[in-house]
Structures are given as C-alpha cells and as structure tokens.
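The values are calculated or read from the model by the stated rules, or taken from the named source; none is laboratory data. If you're wondering where the values come from, they're calculated on a predicted model, not measured in any experiment. No Cβ is skipped: glycine too gets one built from the backbone with ideal geometry, and neighbour counts run over all protein chains shown.
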Amino acid sequence: MSYPLELRDVVKRFGGLTATDNMSFRVEDGESLGLIGPNGAGKTTIFSLIMGEHRQTSGSILCNGEDISALPTYARIGRGVCRTYQVPRPFADMDVMENIRLGLMPNNLWQMLVRGPNHDREIELALSVGFAEGDLKRHPAELSMGDLRKLELARTLATGPSIMLLDEVFAGLTAGEISQIAELINQKRKEGMTLIIVSHDLKSLEPLIDRAIAMNYGAIVAEGDFAHVMADPDVRAAYLGGE
Amino acid sequence: MSQIIIQGLLLSGLYALIAVGFTLIFSIGRVLNLAYGAYLMIGGYVYYHVTQVLDMPQLVGILLAVVFGCGVGVLKYTLLVKPLKGDHVAVEISTLILAVVIQAGIVLVFNDSSKILHPIVPGVWRVGGATVTFNILTAALASWAILIGLYLFVRNTHIGRAMQAVSMDTKGAAISGVDPDRINLITWGISGGLGAIAGVFFASYTQLNPSMWVAPLIIAVAVVIVGGIGSIIGTLIVAHIIGFMEIISTTLIAAELRGVFTMLLIIGVLVMRPRGLFGREEL
Amino acid sequence: MGIRWQHLAAWAVFIIFMLALPEFVSKGTLRTIIFANFLAIFAISWDVLSGRTGYISFGHPFLIGIGAYTSAILSYRFGFPIALSIPLAVVAAMIGGTLFFLPALRIRGSYFALVTLAFMELMYQLVQVIRPDITGGTRGISGVETITRGAVNNFYLSFCLMALVAFSMWLLMKSRLGTALSAIGMNEESVRGSGLDTTKLKLAAFMIAAFVAGLGGAFYVHYLGSIAPRALFDINFLFTIIVAALIGGASTIIGPMIGAFFLTFLLEYLRPVLPGAERYFIYGGIALILYMYQPKGIYEVAKQGWGRIQAARAGAGS
C-alpha cells in the first residue's frame with residue numbers, strides 16, 4: 001500500500017542540534033493533516049526535508065511509494081509536492097501575473113523559449129485564489145499580507161500539485177483574510193488535494209483538518225483527531241511551557 | 001632556507017597589515033570596499049608629497065597619511081555607503097567606480113609616472129646569508145605592533161566591543177543601545193587610517209604609481225576570503241600562508257608565478273569552503 | 001512583457017537610422033561609434049548574466065579575453081582562417097563560462113563576485129607566463145589579421161554584429177526563459193520552489209553570456225589587429241563594461257546600449273574641453289554621481305520622466 005507522502009524514521013541534525021528526531025508518519029490520499037507544536041518544535045524543518053531544501057541525516061521520505069530522498073527540489077515539485085512559506089517570498093519586481101507565470105513554467109529550457117506564457121491560465125489562477133481583476137498588474141510592494149499569501153498559493157497551485165504543505169498560512173492576517181484563505185483551503189480539500197498544514201492559530205486550523213500531529217523537540221508527542229491531541233497532557237505541557 | 005623564512009615572515013607581516021583594514025569593514029558591514037586599495041595609494045602619495053616634496057619629517061608624513069586615510073574613509077561612509085544602505089551590490093559597484101575615480105585623481109595631481117619612495121629606515125642587515133632591509137623589517141615590526149594594538153582595542157575598549165557586537169548582529173546591537181551608524185563611521189575611519197599606513201610601507205617596499213591599488217586589494221581580498229569573516233587571528237594566519245606561498249614560489253619556482261598561487265588559493269577555498277578556513281558558520 | 005509591433009517598429013527605425021549614419025557623420029565619429037558598438041556587446045553580455053540573475057561578474061574580461069586570445073592565436077600563430085578561428089574562439093569562451101559557473105553552484109553575492117575577479121587576475125598573470133612564445137607574453141600579439149579596412153566598413157561590421165546580438169538577446173529575454181532568469185535575481189529560492197531547476201537556468205545564462213562575450217572579443221581583436229594582456233584583463237576595462245550596463249539600465253537590452261554610447265561619447269566630447277588627465281577624473285565622477293542618483297540607470301530616469309509627463313497631461317486633461 002503506498003501513500004501520497006510517507007516519512008520513515010527521519011532524523012535531521014544541525015551540528016549538535018537534533019531538529020527532527022526519528023519522525024515517522026504518513027498522509028492518506030485526500031487527507032488534511034494538521035501539524036502543531038510550540039515554536040522550535042521542528043515543524044518547518046519537516047517541510048524543508050520533504051521539499052529537499054535540507055537533506056535528512058538518516059531515514060527516508062516516500063512519495064506515492066517512491067523514495068524521493070535523493071531528489072532535488074524541482075523533481076519533487078514535478079511529482080506533485082509543493083509548499084508555501086511562513087514569510088511569503090514573491091518576486092518583487094514582477095506583477096501578480098508574472099509571479100504566477102513562474103509557477104506555470106515547465107522545467108524545460110526549450111519549452112520556455114519557444115512557447116509564450118499562458119495568460120488565460122495565469123488569470124484563472126489569480127482569480128481562483130480571490131484576486132480581483134484590478135489586482136493582476138499590481139506588484140508585491142502594493143499588496144497586503146493576505147494578498148501576498150494568496151499570491152504564493154496561486155504560484156504554488158500553478159505547479160499542479162497533489163500535495164500541498166502550508167506553513168503558517170494565517171500568520172499576520174486580518175479576520176476577513178483568514179476566513180478567505182480558510183474558504184480556499186476547504187475548496188481544495190473538496191477537490192481532493194492532500195494537505196499538511198502548520199499553524200499556531202488552532203481555532204482557525206481545527207475545522208480544516210481531519211487529523212492532527214503534535215510535535216515537540218523534533219519528535220511526535222501525540223497523534224489522532226484534533227480534540228484527542230489537544231487533550232493529551234504532554235501536548236498541554238508543551239504549549240504551556242511546563243517543566 | 002633561512003632566506004625564505006625571514007623574507008616570508010617579513011612579507012607576511014606587511015600583508016597582514018594590508019588586509020586588516022579591509023577585514024574590519026567586511027566583518028562589520030558585510031560589504032566589500034573595492035576602493036580599499038585607494039587608501040593605500042592615498043597614504044603612499046601623501047607620505048611621498050610631505051616627506052620628499054615638502055621635505056618635512058617622516059613622522060609628520062605618516063601622521064598626515066593616516067589623517068587623510070581616516071578622512072577619506074569617513075567621507076566614503078557618509079557620502080557613499082550610508083545612502084546605499086543595505087544594498088551590497090550597489091556599494092561594491094560604487095566603490096569600484098570610486099577607486100577608478102581616485103586613480104584618475106592621483107594621475108591628475110601627481111601624473112602617471114612611477115615614483116620611488118626613499119626607505120623609511122635606510123640600511124641593510126645580514127643574517128646568515130639572508131639580506132634584510134631595515135625598511136621591510138620596520139614595516140613588519142610596525143605591522144605586528146599595529147595588529148596587536150588593534151586586537152587589544154577590539155577586545156578591551158567600549159568601542160571595540162561595540163564593533164564586535166555590530167559585526168555579529170546589527171539589529172541586536174542596535175536594540176542593546178549601540179548606535180550601529182556611529183560604529184560603522186568609526187570603523188570606516190579606522191580602516192582608512194590602517195589602509196593609509198599600510199600604503200606607506202607597501203609603497204616603500206614596491207613603488208608609487210596610480211595603478212598600485214589593485215595588487216594590495218587582491219591581497220586583502222585573498223586574506224579575507226581564505227581567512228573567513230571577522231577574525232583578526234585568521235587574518236594573521238592567512239597573511240602568513242599567502243606571504244610564504246609567494247616567497248616560496250618566487251625563490252623556488254619562478255618569480256612570475258608569485259600571484260598565480262594566490263589566485264588559485266582564492267578560487268579553491270571559495271569553491272570548497274565558501275565561509276573560509278577560520279570563518280564563523282552562519283545559518 | 002509581450003512583443004508588440006511598436007517594439008519591432010522601434011528596432012526597424014533604429015537600425016535604418018544607424019545604417020544611414022555614415023552618410024552624415026565624419027570618419028572620426030564613426031570610429032567612436034565602432035568602440036561604442038563593441039562596448040555595447042560586452043555590456044549586454046554582462047547584463048544577461050549579472051543584470052538578470054544577480055550573480056555579479058567582476059571577471060567579464062576573462063571571458064572576452066578567452067575569445068579574443070583564442071581567435072588571435074589561432075589565426076596569427078597557426079594560420080587558421082578567421083571564419084574558423086572565431087567560432088572556435090566562441091566555443092573556448094563558453095568552456096571558460098563553464099569554469100565561471102562552477103563556483104556559482106555554491107556561492108553567490110560578494111563571494112561570487114570575488115571569485116570572478118580572481119579568475120580575471122589569474123588569467124592576466126598566466127597569459128604572461130605560460131607559453132609566452134604563443135601568447136606573446138606581456139607585450140601581446142600585434143599584426144593580427146583584420147576582417148575589413150576603413151572606418152565605414154568597420155562601422156557596418158560592428159554595428160551589424162551589435163544589432164544582431166542586441167536583437168537576439170532581446171528576443172531571448174522576452175521569452176519565458178528571460179523572465180525566469182530575472183526571477184533568479186529577485187529570489188532564487190522561490191524559483192526553485194516554483195519547480196524549476198535553477199542550476200540549469202544559471203548554466204544557460206552563463207553560456208549565453210559567454211557566447212556573446214566570446215563572439216564580441218573575437219571580432220574585437222580582428223578589428224584592433226592587436227591584443228595585450230594589460231589592455232584586456234584590467235580593472236579599468238571591467239569598470240567600463242559594468243558602468244555601461246548599469247548607467248544605461250540593468251536588466252534591459254536597450255540600457256547597456258544607451259550606457260555604452262553614453263560613456264564612449266562622454267569621453268570623446270570631454271576631449272577638446274579637458275585634454276589632459278582631468279578627463280578620466282570627470283568621466284568617472286559623472287559615472288559615480290549618475291549611479292548614486294539612480295542605480296537603475298538612464299533608461300529608468302527616462303521612463304520615470306515620461307511617466308511624469310503622461311501623468312501631468314492626464315491631470316491637465318481632467
């Protein structure tokens with residue numbers, strides 16, 4: 001049986017610091033998994049390892065049964081895995097459509113040369129994440145934090161993913177923007193997208209996930225449905241910073 | 001053999017002096033001051049003018065050279081680096097342009113023929129087959145004294161510790177009450193002064209000409225790259241590696257190849273260990 | 001970003017204007033323009049690499065020098081016809097570009113700029129030492145075969161080469177490949193995060209830049225008829241290339257062209273006013289002030305000025 005994404009005994013050390021300690025978990029097809037834990041628990045490191053931005057010290061990462069541990073980032077994206085960042089990273093001197101264009105580009109120099117951009121698809125993606133027609137020519141400096149998150153979602157969606165890793169998607173947003181993004185995530189869930197979501201905003205996270213994993217010090221503390229995980233004494237201790 | 005060791009030690013001392021002012025700026029602002037070689041040129045020419053044209057005492061020459069170097073450093077920071085705040089590429093390119101402008105300025109004032117500086121301390125000393133001019137000996141001793149002084153200054157004074165703090169974390173330093181702007185200004189001044197005094201010795205070792213700034217810049221760059229950022233000790237060690245490499249290749253292989261190994265060392269170290277041999281690891 | 005007919009019309013007007021130029025201006029001016037043409041080629045090459053991807057090359061003369069030296073040596077020492085020596089020179093420059101590329105796999109920013117500077121200095125020293133019987137050592141090679149004679153012919157040759165390079169680079173940079181290269185300059189991680197192989201993209205940029213630099217260098221040596229290490233592997237030459245690209249406007253094609261013509265003519269027009277060494281001082285000073293005033297270059301200044309005029313008009317209209 002293969003899963004869209006599976007981690008087996010993944011360990012990551014930065015010098016003397018163990019950021020990920022023997023993590024194993026898997027995500028079912030179309031499932032939405034919440035990854036929670038205090039600051040420094042190692043959630044973002046997991047995302048970096050899955051994307052190949054860092055290499056794990058040991059263990060393996062599988063995508064649909066294939067070991068992707070040795071693949072470079074672009075090849076993992078080519079297999080349908082993608083992520084967003086806690087701090088959005090747009091291309092500063094490009095407008096909304098051009099930013100999305102990067103996500104739509106095939107990883108093939110010849111194709112990039114001979115085929116022009118697909119403007120219809122760019123507009124379609126921009127509108128689908130909630131941009132207005134008038135925003136299409138705007139530059140990142142003119143956009144709000146909510147818009148920047150939408151832009152990043154649109155650019156990652158443009159790569160045609162089947163699994164999305166969302167890192168702190170609600171950070172720095174207004175209540176209105178949070179509900180907009182939540183709406184968008186729910187829609188992707190309905191379309192069958194597999195999701196892993198990291199968030200500190202547990203209230204907003206709860207309705208978006210099927211299952212939660214709580215982490216602390218790079219290891220899994222508790223796992224199961226959201227209410228069960230939150231009731232776990234170790235999780236409570238970790239969040240309250242108990243001794 | 002003793003010739004190699006003695007010459008190597010002396011040349012390395014001079015190189016350490018040349019590099020240290022450059023390291024200082026790189027470690028504090030993370031910017032490459034490509035006009036650094038111009039300090040050496042200014043120092044050398046001011047000293048030349050004061051002592052050999054105006055016939056004033058050598059001490060006055062050295063002092064004025066340092067004052068000029070400091071002044072140019074401070075001006076450079078206020079007029080060039082500060083307005084371009086944060087944009088490293090712009091600083092590097094504008095300092096490159098500035099170096100070329102200063103070179104043209106020197107040609108304008110002193111014309112472009114080479115000038116020979118009288119040795120600062122005349123005379124030679126023979127030790128076991130090796131000939132040492134008092135001039136380079138003085139340069140090496142002065143270089144050691146200045147480096148030790150600088151080390152003590154950075155370690156033990158309030159300003160020195162503030163400089164260390166800014167070099168580690170500008171924002172953190174600002175939060176704890178250090179004014180990074182003032183520290184930067186002071187550092188650029190010190191760096192200019194160090195460059196100027198290194199220039200006096202460098203010029204007395206080679207000669208004065210309007211394109212003399214390139215060679216010391218390359219040496220400084222090599223020392224900083226190979227040594228890594230922000231370590232006076234690292235600077236010292238690497239200056240010796242490069243100094244000895246040059247002396248050995250000059251005496252044993254071919255005089256023309258002296259710079260080649262330095263370049264190969266820069267390329268090799270940057271490709272294998274981008275942070276340098278003794279640099280701090282940065283996340 | 002798309003190609004519109006106005007763009008093509010502007011190119012056509014520019015090319016026709018330049019081709020008609022020898023009818024109207026003196027031979028001296030034509031000689032100046034020949035230099036501007038070559039400088040524009042070098043500046044465009046620099047810009048494709050550094051202006052777009054943000055990998056600042058301080059060693060561009062290294063690539064140009066490989067092209068120039070290879071062609072000069074092949075034709076002068078080994079009697080190759082120019083039609084063969086120039087393509088081989090371009091290939092050699094591209095191999096040199098690969099050497100340049102290796103450090104770019106691991107380092108960027110200031111460190112990368114420094115390695116390229118080291119490459120240039122290394123080349124300067126090696127050329128004089130290794131096989132001086134072939135490279136001509138410190139004095140270089142003179143008496144290299146020239147392609148054509150006379151200011152007018154050389155003007156046409158250099159202009160056609162420049163226009164060809166500029167137009168093809170313009171087309172290339174208008175493509176999605178050009179967009180991706182600019183994106184690397186803005187945020188390399190995000191390009192990787194968009195599913196693109198940045199190593200491949202960077203290699204493409206290095207190869208294109210080396211191709212243009214090698215081509216320009218080879219034609220340049222067959223125009224000058226001579227070559228010397230100090231004239232090529234020199235910080236002042238590097239300075240002129242970089243400043244031409246930046247003062248004109250980095251990350252555009254027209255910018256480096258404007259910059260190259262501006263710098264060449266500035267130096268030329270200063271000659272009668274300031275015959276001595278002051279000329280270079282003022283010349284560098286103007287470059288510095290312009291760069292400090294608008295790091296994005298003359299093209300950007302013109303664009304903003306045009307924008308202001310448009311806005312003022314719209315304001316007056318309403």
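Numerical summary
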item	result
Scope segment A:9-50; condition among the small types (Gly, Ala, Ser), within 16 Å of A:Val221 (Cα to Cα), at pLDDT 90 or above and touching a Gly at 6+ places or on another chain (Cβ under 6 Å); matching residues	none
Check on A:Leu113, touching a Ser or Thr at 6+ places or on another chain (Cβ under 6 Å), over 26 Å from A:Phe47 (Cβ atoms) and aliphatic (A, V, I, L, M)	yes
Restricting segment A:114-140 to residues that are within 9 Å of chain C (Cβ to nearest Cβ) and either at pLDDT 90 or above or assigned to a loop (DSSP other than H, G, I, E, B) (or both), the residue that is farthest from A:Val169 (Cα to Cα)	A:Arg115
Those residues of segment C:179-205 which are at the interface with chain A (Cβ under 7 Å from one of its Cβ atoms) and touching a residue at least 40 places away in the same chain (Cβ under 8 Å), in sequence order	C:Thr179, C:Met186
Meets criteria (more than 20 Å from B:Val223 (Cα to Cα), part of a helix (DSSP H, G or I), among the hydroxyl-bearing types (Ser, Thr, Tyr) and touching a residue at least 24 places away in the same chain (Cβ under 8 Å)) for B:Tyr15	no
C:Val212 being more than 9 Å from every other protein chain (Cβ to nearest Cβ), of a type in the set (Val, Ile, Thr) and over 30 Å from C:Val301 (Cα atoms)	no
Meets criteria (hydrophobic (A, V, I, L, M, F, W, C), in contact (Cβ under 8 Å) with a residue 60 or more places away in the chain and within 12 Å of another protein chain (Cβ to nearest Cβ)) for A:Cys82	yes
Exclusive hit being touching a residue at least 60 places away in the same chain (Cβ under 8 Å) and under 29 Å from C:Phe262 (Cα atoms), set C:Arg52, C:Arg108	C:Arg52
Among (1) more than 25 Å from C:Ala205 (Cβ to Cβ); (2) not in a loop (DSSP other than H, G, I, E, B); (3) not hydrophobic (A, V, I, L, M, F, W, C), the one test that A:Pro161 misses	(2)
When residues of segment B:1-12 are limited to those that are part of a helix (DSSP H, G or I) and of a type in the set (A, V, I, L, M), the one nearest to the chain's Cα centre (by Cα)	B:Leu11
Among residues of segment A:194-215, those that are surrounded by fewer than 20 Cβ atoms within 10 Å (Cβ to Cβ) and either under 26 Å from A:Thr18 (Cβ atoms) or out of contact with any Ser or Thr (no Cβ under 7 Å at 6 or more places or on another chain) (or both), counted	8
Any hit, segment C:145-158, residues being under 30 Å from C:Ala204 (Cα atoms), assigned to a helix (DSSP H, G or I), within 21 Å of the chain's Cα centre (by Cα) and free of Cβ contacts under 8 Å to residues at least 12 places away in the same chain	no
Segment C:20-55: number of residues that are of a type in the set (A, V, I, L, M) and either touching a Gly at 6+ places or on another chain (Cβ under 9 Å) or over 19 Å from C:Val152 (Cβ atoms) (or both)	7
Residues within segment C:220-279 that are touching a residue at least 24 places away in the same chain (Cβ under 8 Å), of a type in the set (A, V, I, L, M, F, W, C) and outside any helix (DSSP H, G or I), tallied	5
Residue in segment A:169-183 that is in a loop (DSSP other than H, G, I, E, B), surrounded by 15 or more Cβ atoms within 10 Å (Cβ to Cβ), acidic (Asp, Glu) and touching an Asp or Glu at 6+ places or on another chain (Cβ under 9 Å) present	no
Residues located in segment A:1-29, provided they are in a loop (DSSP other than H, G, I, E, B) and buried (at least 16 other Cβ atoms within 10 Å of the Cβ)	A:Tyr3, A:Pro4
Segment B:202-253, subset more than 30 Å from B:Asp169 (Cα to Cα) and polar (S, T, N, Q), residue surrounded by the most Cβ atoms within 10 Å (Cβ to Cβ)	B:Ser204
Residue within segment C:262-274 that is in contact with a Leu (Cβ under 7 Å, 6 or more places away or on another chain), modelled with pLDDT under 85, within 14 Å of chain B (Cβ to nearest Cβ) and surrounded by 13 or more Cβ atoms within 10 Å (Cβ to Cβ) present	no
Checking A:Leu49 against (1) facing chain C (nearest Cβ under 9 Å); (2) in contact with a Lys or Arg (Cβ under 7 Å, 6 or more places away or on another chain); (3) buried (at least 22 other Cβ atoms within 10 Å of the Cβ), the condition it does not meet	(1)
Filter result for C:Gly109 (within 13 Å of another protein chain (Cβ to nearest Cβ) and either surrounded by fewer than 22 Cβ atoms within 10 Å (Cβ to Cβ) or more than 16 Å from B:Val269 (Cβ to Cβ) (or both))	yes
Selection within segment A:156-198 - within 13 Å of the chain's Cα centre (by Cα), at positive phi and within 13 Å of chain C (Cβ to nearest Cβ)	none
Within segment B:81-93, considering residues that are more than 7 Å from chain C (Cβ to nearest Cβ) and surrounded by 16 or more Cβ atoms within 10 Å (Cβ to Cβ), the one farthest from B:Gly195 (Cα to Cα)	B:Leu84
Check on C:Gly195, more than 26 Å from C:Ala36 (Cα to Cα) and not in a helix (DSSP H, G or I)	yes
Any pair with Cβ under 6 angstrom, 6 or more apart, that starts in segment A:96-109 at a residue that is within 7 Å of another protein chain (Cβ to nearest Cβ) and ends at one that is among the polar types (S, T, N, Q) and crowded, with 24+ Cβ neighbours inside 10 Å	A:Leu102/C:Ser194; A:Gly103/C:Ser194
Residue ID - surrounded by the most Cβ atoms within 10 Å (Cβ to Cβ), chosen from residues in segment A:52-89 that are farther than 23 Å from C:Asn187 by Cβ and of a type in the set (Ser, Thr, Tyr)	A:Ser69
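Residue by residue, here is whether (1) free of Cβ contacts under 8 Å to residues at least 60 places away in the same chain; (2) over 30 Å from A:Val11 (Cβ atoms) holds:
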residue	(1), (2)
A:Ala141	yes, yes
A:Ser144	yes, yes
A:Leu151	no, yes
A:Ser179	yes, yes
A:Pro207	yes, yes
A:Arg236	yes, no
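Here's the yes/no breakdown for (1) within 13 Å of another protein chain (Cβ to nearest Cβ); (2) in contact with a Leu (Cβ under 9 Å, 6 or more places away or on another chain):
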| residue | (1), (2) |
| --- | --- |
| B:Leu11 | no, no |
| B:Phe22 | yes, yes |
| B:Val50 | no, yes |
| B:Ala65 | no, no |
